[in-house]
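Beneath this line is the structure, given in structure tokens, with notes to follow.
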Amino acid sequence: MRNCKYLALALVALTLLATSSFPLLAADKKDNGKTIKDSEITSAIESRLWKNPSTPASQIDVRTDQGIVTLSGSVDNLLAKERALEIAETLRGVRAVVNQIEVKPGARTDEEVRKDVERALVMDPAADSYEVKTEVSGGVATLTGTVQSWQEKRLSGEVAKGVKGLKDIKNEITVQYKSKRLDSEIEADVKRRLESDVWVDDAIVTVAVKDGKVTLSGATGSAAENSRAYSDAWVAGVTSVDASGMKVDKWWSRGELQRKDKYAAKSDEEIKKAVQDAFLYDPRVLSFNPTVEVKYGTVTLTGVVDNLKASQAAELDAKNTRGTWRVKNYLKVRPVKQPSDADIAKNVKSALLWDPSVDRYQINVSVYNGTTYLSGTVDSYYEKSLAEDVASRVNGVVDVNNNLRIEYDPAVVYSYHPYRSYYSHYPYRYYPYHLGSSDRAIKDDIEDELWWSWYVDANQVNVSVSNGVATLTGAVNSWQEQQAAVTNAMEGGARNVVNNLKVRYDALASSGQ
């Protein structure tokens, strides 16, 4: 069955090469022209759906009209629907995505699904304290209750989505803030959040606040940037966010519109304050107040958290902060009440069985002093990483030793993608490359990935390939863009990547700013 899928993938790839303008893009990927054809966008999305093991591309249809992408068809779990959305949003030229994919899960009773959602919320180390009630009807879960922030409300929904059998979630949880804030305070807070987010250019986003309602407007570079700006705007005191005025019609404007100092070196004190602010809006980290020290752009995290996911979330928050060069994570994981190793193993096994992407595998779980060991066989690095992510969210797990083996298809190997939504269930995105590809073909595919990526300015990256090993040279604007370019190279088919990219603020950072 898997071989049939890869044969179909090969046929689709040949069709795209024959019928689309991919060759034109390969030849012209350094030319920031101001028009991308709808057919090019459709082909790019379909290609990536085929190459992603979490999305059944044969069941998903893609249509593009003036940059507006419509996804339709059916999948068997809610997370696959969201993965398709994320893939489409992160491509250059996509102005918005209308997700009409229908979820048709396997037969499970509403009561079975309800119990699993409640267990998932209780077992999650951050969501376990929330007073959330769950009702399920016709496979649709309705969440109600009261929390203290929009981020807590969102996290509850993300945890619930990991349960198989769900068609949809209605998140009707109420946010009740501890105190009311002035509009001027909210506006200043939103602007600081946008400024600190390395993936958002706040210079082209206008913020207005009235009676706690935030309105965002401006011309941005991608649908994904709009989504990040929308999330950033939910600071304390906000009752609603309207981002309908955020238009994606300047995808080529990375150099034209971006504030000139967006990626300039920040002082260590500025970076420290921004990281601490990010922690305030991460419900996985907020209560632990990690110690943050910054020297020459290197962020060092110390302190104690009571769960592994909090440590991982804190590290990601620091990495996504403007000005950060690298992160040293020395946070210690010490559960307040350590469950027995037997109970942890039982809960990890249950969590793996609930997840619709890895439930079919025979994954062996053993636990020693809170360290969880995973063994067995899965089909891809994507699923291996996903199993680790599921385990890391279980109370009592202090570390994960992932010994899962990959059952390789003889023609396909998977590489990872480090971008994820703020509370995305999926930690990574995997794409296959075909063994035996020529260096020229790999180079073209890498440059194609860089051209389409919202995260990277392809004009700044030079690519060479020898014996399947890609070498990247040039100068990019941030540590995050450097890492994104490496990932694009893996997605393009490189067996290994020599990263000689320079970050423009390196010289300032190394000299002490």
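The values are calculated or read from the model by the stated rules, or taken from the named source; none is laboratory data. No experiment lies behind these values; they were computed from the predicted model shown. When we count neighbours, we look across all protein chains shown, and the Cβ atoms used for this are built from the backbone with ideal geometry, even at glycine.
A few points about this structure:
- Selection over segment 282-293 of residues that are modelled with pLDDT of 95 or more and hydrophobic (A, V, I, L, M, F, W, C) gives a count of 1.
- Given (1) modelled with pLDDT of 90 or more; (2) in a helix (DSSP H, G or I), number of the condition GLU86 does not satisfy: (1)
- Selection of segment 205-227 for residues being crowded, with 22+ Cβ neighbours inside 10 Å and in contact with a strand residue (DSSP E or B) (Cβ under 7 Å, 6 or more places away or on another chain) yields VAL205, VAL214, LEU216, THR220, ALA223, ASN226.
- Each residue in segment 263-278 was checked for being outside any loop (DSSP other than H, G, I, E, B) and touching a residue at least 60 places away in the same chain (Cβ under 8 Å), and 4 pass.
- Selection count where residues are among the aliphatic types (A, V, I, L, M), touching a helix residue (DSSP H, G or I) at 6+ places or on another chain (Cβ under 6 Å) and either surrounded by 22 or more Cβ atoms within 10 Å (Cβ to Cβ) or under 18 Å from ALA278 (Cβ atoms) (or both), scope segment 174-203: 3
- Any hit, segment 294-304, residues being crowded, with 22+ Cβ neighbours inside 10 Å and over 23 Å from the mean Cα position of the chain (by Cα): yes
- Taken over segment 183-224, residues that are outside any helix (DSSP H, G or I), touching a residue at least 40 places away in the same chain (Cβ under 8 Å) and over 13 Å from ARG322 (Cα atoms) amount to 3.
- Of all residue pairs spaced 6 or more apart or on separate chains, those with beta-carbon atoms under 8 Å, a first member in segment 357-380 that is more than 23 Å from THR55 (Cβ to Cβ) and a second member that is among the aromatic types (Phe, Trp, Tyr) and part of a strand (DSSP E or B) are VAL365/TYR373; SER366/TYR373; VAL367/TYR373.
- Selection count, segment 142-182, where residues are part of a strand (DSSP E or B) and more than 26 Å from ASN226 (Cβ to Cβ): 4
- Residue match in segment 109-129 (condition: touching an Asp or Glu at 6+ places or on another chain (Cβ under 6 Å), buried (at least 20 other Cβ atoms within 10 Å of the Cβ) and modelled with pLDDT of 90 or more): no
- Residues of segment 115-154 satisfying the condition of being free of Cβ contacts under 8 Å to residues at least 24 places away in the same chain and out of contact with any helix residue (DSSP H, G or I) (no Cβ under 6 Å at 6 or more places or on another chain): LYS115, GLU118, SER129, GLU131, LYS133, GLU135, LYS153
- Scanning segment 47-100 for residues that are under 17 Å from the mean Cα position of the chain (by Cα), more than 20 Å from SER222 (Cα to Cα) and of a type in the set (Ser, Thr, Tyr) yields SER54, THR55.
- Scanning segment 324-360 for residues that are modelled with pLDDT of 85 or more and touching a Lys or Arg at 6+ places or on another chain (Cβ under 6 Å) gives a single hit, VAL327.
- Filter pass, LEU143 being of a type in the set (A, V, I, L, M, F, W, C), under 28 Å from PRO339 (Cα atoms) and at pLDDT 95 or above: yes
- Selection count, segment 316-339, where residues are surrounded by fewer than 18 Cβ atoms within 10 Å (Cβ to Cβ) and of a type in the set (Asp, Glu): 0
- One residue from LEU308, LEU331, LEU386, LEU352 being in contact with a strand residue (DSSP E or B) (Cβ under 9 Å, 6 or more places away or on another chain) and free of Cβ contacts under 8 Å to residues at least 40 places away in the same chain: LEU352
- Of the residues making up segment 279-293, those that are in a helix (DSSP H, G or I) and surrounded by 20 or more Cβ atoms within 10 Å (Cβ to Cβ) number 1.
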